[in-house]
1. Based on this model, can you work out whether A:V93 counts as surrounded by 12 or more Cβ atoms within 10 Å (Cβ to Cβ) and more than 16 Å from DNA strand D (Cβ to nearest atom)?
2. Do any helices (runs of 4 or more DSSP H) lying entirely in the range A:1-113 carry at least 1 residues that are more than 14 Å from every other protein chain (Cβ to nearest Cβ) and acidic (D, E), and which ones are they?
3. Pick out the one residue from A:A121, A:A134 that is within 8 Å of chain B (Cβ to nearest Cβ), at pLDDT below 95, away from DNA strand D (no atom under 13 Å from the Cβ) and closer than 19 Å to B:V115 by Cβ.
4. State which residue is surrounded by the most Cβ atoms within 10 Å (Cβ to Cβ) when the search covers only the range B:57-71 and only residues that are within 11 Å of DNA strand D (Cβ to nearest atom) and under 22 Å from B:E97 (Cα atoms).
2 protein chains.
Amino acid sequence: MTRSNGRQETIDLLMGLSHALSTNFNTVAGELGVSALHARALFNLDQPAAMRDLAATLHCDKSHVTGIADGLESRGLVTREPDPRDRRVKQLVLTTEGRRLRTELRRRLVDDAPVLSRLTADEETQLRGLLRAAFERHTEENGGGPGCG
Amino acid sequence: MTRSNGRQETIDLLMGLSHALSTNFNTVAGELGVSALHARALFNLDQPAAMRDLAATLHCDKSHVTGIADGLESRGLVTREPDPRDRRVKQLVLTTEGRRLRTELRRRLVDDAPVLSRLTADEETQLRGLLRAAFERHTEENGGGPGCG
DNA sequence: TATTGTTATACTCTATAACTATA
DNA sequence: TATAGTTATAGAGTATAACAATA
């Protein structure tokens, strides 16, 4: 019970931060006219990706990615490109508009970051260092490193 | 563009942590035999609460709380108690079993905290200090302080 | 035989609106 | 007239299973 109470406070704070972050993500996505789901997909499409890989990144079933890709494609944000190496595979590739939207999404997430904006530059650097350390030591166990998975 | 790149990394790290945290929350809830939704409600019922208040805490509509309370009640985890001051209101109160489950939930969240477990005691204290500072300066704007809202 | 993506189906989470009983 | 909770309904998000094409 020596460390637990502090640990518990840390968890509460992190869950609060987590919630603020995801609320902000939803808000920003909404402002850009896409659902949070679509924004999450866009966010992870910095490089073209096979649908199977996007499913892995998003921790969902591949059948779900079909629907996501349909939505994104009908909005002109991605295209399905054949993979010359394996004709079963379709690569999802951002269109120009998709890239624009993705860039804007990231820009706003960075600019509007809730809670975070309350730290001084020094404090933010400290925080980043701590998180980096935690993730470097946090091996594959729990689904890997950071990102919008 | 001086600070943006670092900031962007911080955001990525936080989103990764956020995801690890919520995955862990779901896992722990599953191990205890409740859905993440029910666990989230239990988590916030440390004190009896009117259904309207739980809706506010969970950031959802009151109609949704009716369903949550139905599920929790049918599992013997909460009861609906009348409020003598206002006969429209029903207070949700944890049963003995509900309290036990809530305690166990919190214990496991603290013990199994992913990523966090990779920090030394000193680092965790530093992290807690930073988060506390951020939240203290982060006024009501974005739904208030920490918690499992 | 195994895998990629698709379709069909169903289940969970959540919001909106109409209702009731209070206030 | 406004609010607390309920009911009914509908829409996302997601999983499972069966299928087609390809490996």
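1. It is true that A:V93 is surrounded by 12 or more Cβ atoms within 10 Å (Cβ to Cβ) and more than 16 Å from DNA strand D (Cβ to nearest atom).
2. Values: elements: A:4-31, A:36-43, A:51-58, A:62-74, A:96-112.
Passing ranges, in order: A:4-31, A:51-58, A:62-74, A:96-112.
3. A:A134
4. Selected residue: B:V65.
The values are calculated or read from the model by the stated rules, or taken from the named source; none is laboratory data. Predicted, not measured: the structure shown is a model, and the values here were computed from it. Glycine also receives a Cβ, built like all others from the backbone with ideal geometry; neighbour counts cover every protein chain displayed.
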